[in-house]
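The values are calculated or read from the model by the stated rules, or taken from the named source; none is laboratory data. From a predicted model like this one, the values you see are computed outputs, not experimental measurements. Note: ideal-geometry Cβ built from the backbone for every residue, glycine included; neighbour counts use all protein chains shown. For accessibility, only protein heavy atoms count, side chains too; no ligands or nucleic acids. Shrake-Rupley method; radii C 1.70, N 1.55, O 1.52, S 1.80 Å.
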Amino acid sequence: MNRRAFTSVTAAALVTGPMAPQHVDPALVDYFQQQLEGHYRADMFLGPHDLIGTVSAQYQLIDKLVRSAKGETRRGLLRAGAAYAALVGWLYQDAGDIGGAAFWRGVTQEIAVRSRDVHLIGYSLVNQAQVRTDLGDGHAVVELCETVLDDADRLVPKVRIMAMQQQAHGASLTGERRDVDQLLDRAGRLLPGVDDDLPWGNACRRTPGYLEVQRATCYGRLGLGAEAGSLWTQVLAGVPETARRDRGVYMARQATAAAAAREPDQAVEIARTVATIAIETRSARMRRELDTLERAMRPWHDAPVGRDLTEILAPVTEGN
């Protein structure tokens, strides 16, 4: 990464002080927490590139206010700051900048530790595990999630669910189907108990078929094309058309599952829709899924269906 790009990624989190002291109204904690839900919804519609600047700037403002705040207001702003840093990290990850994502996941963990909030600390470690998942490091994913679950009795169900589902991804990377199913089944039993009012980490509430999305993704990694394909059909029936980015990612995985099940024509038909969404959202995560599809379609590379796929994906490749 060149120096200018790195400076841009880190600028919002590395503002040098000292700063002039100011009064910090406790109501600002609620303000920043309420903004989070809107950012999460916008991410579903817009993808990462249009939001990174906005959310980073708000994190920078929180960091500035923390330096003057005291007592419970300071702790509340630290908790909000950790949630904003986590979202910035996710946006960089979705944009395909793993270095930027890793930096902001580190910021999340630092702020979470400073807040002394055990739930946020667990959440920050799951965030780190997400980066290791994208790096294909299954053992590191499992280790990080096991560390979170060592404190399971102190954690709200939501954080335990996040750790279990991410550990399942780690297990899929190491080829452990039994562990995948056991972890996701355990997480499923906790879902009815999610009743906290924490403003972050609510994908398990917000995402239709949340755990089946994880199971289908894990099955795809394990090469279980037929099982994954069946689950993706079930999941996609509940995903609204407005959730363009998530729908595109899921459909790309569904297409790969079809290829793994030796149904190349179905894979290509699904890819037609995904290519359009990938161009609109500029989601690097979706492009990576399409790269995985291309690898799965190699047996048909010289067949008409393989040439069709190359033609369909050409505009996506040109947009990289």
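Excluding P157 itself, what net charge comes from residues whose Cβ is under 10 Å from its Cβ, given Lys and Arg +1 and Asp and Glu -1?
After counting each charged neighbour, the total is +1.
Determine ³J(HN,Hα), in whole Hz, for all residues of the stretch 299-309 in sequence, where each value follows from phi through the Karplus function 6.51 cos²θ - 1.76 cosθ + 1.60 and θ = phi - 60°; x replaces Gly and Pro.
In residue order, the calculated couplings are x, 10, 4, 8, 8, x, 5, x, 5, 4, 4 Hz.
Using only the alpha carbon atoms of the stretch 81-196, find the Kirkwood hydrodynamic radius as the inverse mean reciprocal pair distance, in angstroms to one decimal.
For the stretch 81-196, the Kirkwood estimate is 14.1 Å.
Quick one: 3J(HN,Hα) in Hz for the stretch 126-135, Karplus 6.51/-1.76/1.60 with θ = phi - 60°, rounded, Gly and Pro as x.
5, 4, 4, 5, 4, 5, 5, 5, 5, 7
Ignoring ligands, DNA and RNA, what accessible area per residue does the chain give at 1.4 Å, in Å²?
Counting only protein heavy atoms, the per-residue value for the chain is 46 Å².
Under 19 Å from the 7 Å Cα→Cβ point of Q35, by amide nitrogen: which residues of the stretch 70-99?
70, 73-92
With the dipole of the chain worked out from charges on the C-beta (+1 for Lys and Arg, -1 for Asp and Glu) around the Cα centre, which of T292, T174, L120 lies farthest toward the positive end?
So the residue we want is L120.
In whole percent, how big is the carbon plus sulfur part of the accessible area of the chain, probe 1.4 Å, protein atoms only?
Result for the chain: 50 percent of the exposed heavy-atom area is carbon or sulfur.
Which length gain, in nm to one decimal place, applies between F45 and E241 when the Cα-Cα distance is subtracted from 0.36 nm times their residue separation?
Additional length available on full extension: 69.6 nm.
Just to confirm my numbers, what's the Cα centroid distance between the stretch 206-227 and the stretch 119-135 in Å?
If you average the Cα positions of each part, the centres end up 19 Å apart.
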